[in-house]
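The structure under discussion appears below in the form of C-alpha cells.
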Amino acid sequence: MKQSEMLLPTLKENPADAEIKSHQLLVRAGFIRKVASGIYSFLPIGNRVLKKVEAIVREEMENAGAHEMNMTALQPSEFWKETGRWNTFGPELMRIHDRHHREFALGATHEEEVTALIRDEVKSYKQLPLSLYQIQTKFRDEQRPRFGLLRGREFLMKDAYTFHQSYESLDTSYEKMFNAYSNIFSRLGLNFRAVIADSGAMGGKDTHEFMVLSEVGEDTIAYSDSSQYAANIEMAPVVTQYEKSMEEPKEKEKVATPDCKTMADAANYLGHSLAAGLKSIMFKVDEKLVMVITRGDHEVNDVKLKNLYDASFIDLATEEETRTAMGAGFGSLGPISTPDHIEIVADYAVEALVNASCGANEDGFHYKNVTPGKDFEVTQYADLRFIEEGDPSPDGQGTIQFAKGIEVGHVFKLGKFYAEKMNATFLDENGKANTLIMGCYGVGISRTMASIVEQYHDDNGITWPKQVAPYQVHLLALNIKKEEQKELADRIYATLKQAGIEVLYDDRKERAGVKFADSDLIGIPLRVTVGKQAGDGYVECKERVSGEQSDVHEGNLLDQIT
Ligand code: ATP
Ligand code: MG
Ligand code: MG
Ligand code: MG
C-alpha cells in the first residue's frame, strides 16, 4: 500500500485522555480514532492488525471443532427477560426500542440468543455436542470506559458456546477450548497466565480467565512461585480461621471479617467463605455491620426454596461501593435466591442486588416495604483475610506472588443455568426430555490487540510481533523527488508485492526525519530504506526491534527478507 494514498494520520503528541501506552501509541500511530467515550474506529492500518488477531483466533476455534456463525447485534428484550438478565445485567446493557415501542438490547453477550436458537433447532441427543462461535461487536455501557481499547463500550469479542448432553462432554469441550486459548495467546506472542476465576460453590475448576501480565491490568493475580497455581485475587482469599460453633454466638462474635475496609472487600470474601461451608456470614466495614448472607432454605411467596443465598443489608456505603460489592460477591456465586427479607436502606442497594443476582423469580421483584428479616441462624463463623504476597500457596506448593493482569479471555462452564431458565431441552436415548448443558468462552479481540501493544513497544513506538504486524516491510523512499530513489523504491515495491510480501510504501513528499519517526511509531518489523545509495542499487535494511541494520543490494533483497 502506498502511504501517500492511505489514511494513516500520525500524531506527535499523546492524546490528552490517553494514560497508558497502548492507548497513546495506537492513536498516535494512526491505528484507531476515538468517536465517543469508549467507542473507537479502526483506521485501515488498525483494521489490518485486528483482522490478523481475528484470523489466529478463528484458526484455533476451527481446530477446536467450533463452527463460525454470526448472530445479531439487536436482540429482542424477551430473551433477556426469560433469564432475568433484563434486570440483573443492569445499566451495562444498552437498550433501545423500535418505532413500535418494542424493546431491544444491543448485544452485550449472546447466551440468551444462542440458547433460544438451540432450543428451537436441537431436538435430539444425536445433534450433540455442538460448538458454535462468532466474532462480533459487543456493546456494554461500562461505568468507567477507559484505557482506549482495553475497556470500551463498543468492542470486538469472539464468543463461543457449546451444548452438551452430559457434564463429561462439557468437560471435554472445556478442555479443548482451554487449550485453544492457550494456543491463541501463545501464538500472539503474549506473556499470559490462565488463572482460576472462581472458587465458588463448584470448587474453582469451572472457570478460568486468561490474563496478560501487565502493570496496567485492572486485575491482580495471586500465583505460586513454584507451582501452576494462579488465581484472580478476587477469588483467592484465605480462610485464616474456621470455627464451628453449635451455639449461637453472641452478637459481637457473629462478625466474620474484622479487616474489611470496603463493601467490595467484604463481598470478595463471600464466595470463598460460603464455598468453605459457612452457612451464614456477617460483614463489617469500618466497624459497621453492613451485610449478612445466609445460605439455607427460604420461603418466597409461599414457595419453599432450598439451599439458596439470602442477603440482609444492615447499612450501606456509597452507591458505587455497593454495586461493586454486590457484583463481585454474587457474580462469583452464580444463581442466588430472590431475597425475601432485605433490610432496605437505600433503593440503589436493591437495584444493585437485583443487578447482581441471577435468580429473579417469575413475578419479578417486590422489594419495597418487606419485613426486615433477621431470622437467620449463625452456626459457623470464620475469621478471614485476603491472601497476601508471601503467604503459602493454597495448593501447598511454594509462596504466593502478585502480578497485575489484563483479562483477555474467559472460559466458563455454565451448566444448566441458561437452558433451565429458557427451557432448552433435548430428547435423550430413552426419549426423555433433558435440560441442555452449556459452556461459554470469550476472547476480547480488540482488548487483546491493545494488550499486545502493552507488551510490545519501546520509547519510539510499537514493536509489532510479525504474526500481527499490519505489514511485514516498511519501505521508505527518503527523497521521492530524486528520480533514482523513486525508481528503485517503486521497483522494490512491485517486486515485494509480486512475492506476496505485505509492504507499506512511504512514498510521501515528507522529510526523511518525519518518515523515520513515523516508521518507528507504526512499528513494522522490517524497514527498507531507499536513500543516498540508490544510485548503486543499495538499500538499508533495519529490524525494528533489535535495531540491527545492513546494506543490501536490490538483487539480494528478496532473499534477505524471505
Ligand atoms: P472485565 O472483568 O474486564 O469487565 P468481563 O469479565 O466483564 O471483563 P466477559 O464477560 O468475561 O468480560 O467477556 C469476555 C471477554 O471480553 C473478556 O475476557 C475481555 O477480554 C472482553 N471484554 C469484556 N469487556 C470488555 C470491554 N469493556 N472492552 C473490551 N473488551 C472487553
Ligand atoms: Mg465486565
Ligand atoms: Mg472479568
Ligand atoms: Mg470475564
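What follows is calculated from the coordinates using simple rules that are stated; it is not laboratory data. These numbers come from a predicted model, not from an experiment. Neighbour counts run over all protein chains shown; Cβ positions are idealised from the backbone, glycine included.
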Taking alpha-carbon centroids only, the stretch 144-195 lies from the stretch 1-49 a number of Å equal to 26
hull vol. (C-alpha, convex hull) per residue for the stretch 137-203, Å³ -> 151
Highest mean packing first, using Cβ neighbours within 10 angstrom, the peptides 23-29, 481-487 sort as 23-29, 481-487
Applied in sequence order to the stretch 415-421, the curve 6.51 cos²θ - 1.76 cosθ + 1.60 (Karplus, θ = phi - 60°) yields integer Hz couplings, x standing for Gly and Pro, of x, 9, 3, 6, 4, 5, 5
In whole Hz, the Karplus estimates of ³J(HN,Hα) for the stretch 514-520 (6.51, -1.76, 1.60; θ = phi - 60°; x where Gly or Pro) are 5, 5, 5, 4, 4, 5, 4
If every Lys and Arg gets +1 and every Asp and Glu gets -1 at its Cβ, then about the Cα centre the stretch 100-160 yields a dipole, in debye to the nearest 20, of 220
Binned at 10 Å from zero, the C-alpha pair distances of the stretch 1-76 give percents of 15, 34, 29, 19, 2
For the R99, E483 Cβ pair and Förster radius 60 Å, calculated FRET efficiency rounded to 0.05 is 0.45
Taking only the alpha-carbon positions of the stretch 380-450 as identical scatterers, the Debye log10 I(q)/I(0) at q = 0.17 Å⁻¹ comes out as -0.88
A chain fully extended from S169 to R491 at 0.36 nm per residue, minus the present Cα-Cα distance, gains in nm 110.2 nm
Volume per residue (Å³) of the convex hull spanned by the alpha carbons of the stretch 439-493 is 117
For G398, the residues 5 or more places away or on another chain with a placed amide H closer than 5 Å to its own amide H are S393
Placing each pseudo-label 7 Å from Cα in the direction of the beta carbon, T10 and E543 end up separated by a distance in nanometres of 2.2
Taking placed amide H atoms and a strict 5 Å upper bound, the residues 5 or more places from K138 or on another chain that come that close are F155, L156, M157
Sorted largest first, the C-alpha extents of the stretch 406-539 along its principal axes in whole angstrom are 81, 34, 20
For the stretch 389-524 the mean separation of alpha carbon contacts under 8 Å (6+ apart) over residue count, i.e. relative contact order in percent, is 19
Length gained, A499-S550, 0.36 nm per residue minus C-alpha separation, equals 16.2 nm
Once amide hydrogens are built 1.01 Å from N within the peptide plane, the residues lying 5 or more places from R544 or on another chain with amide H under 5 Å from its amide H are L526, R527
For the stretch 114-126, in residue order, the Karplus 3J(HN,Hα) values (coefficients 6.51, -1.76, 1.60; θ = phi - 60°; whole Hz; Gly and Pro = x) are 6, 5, 4, 4, 5, 4, 7, 9, 10, 10, 10, 4, 5
Mean separation of Cα contacts under 8 Å (at least 6 apart) over the residue count of the stretch 516-562, i.e. the relative contact order in percent, is 28
If R0 = 25 Å, then A517 and S41, at their Cβ-Cβ distance, give a FRET efficiency to the nearest 0.05 of 0.60
Here the FRET efficiency for E121 versus K432, based on Cβ atoms and R0 = 22 Å and rounded to 0.05, is 0.65
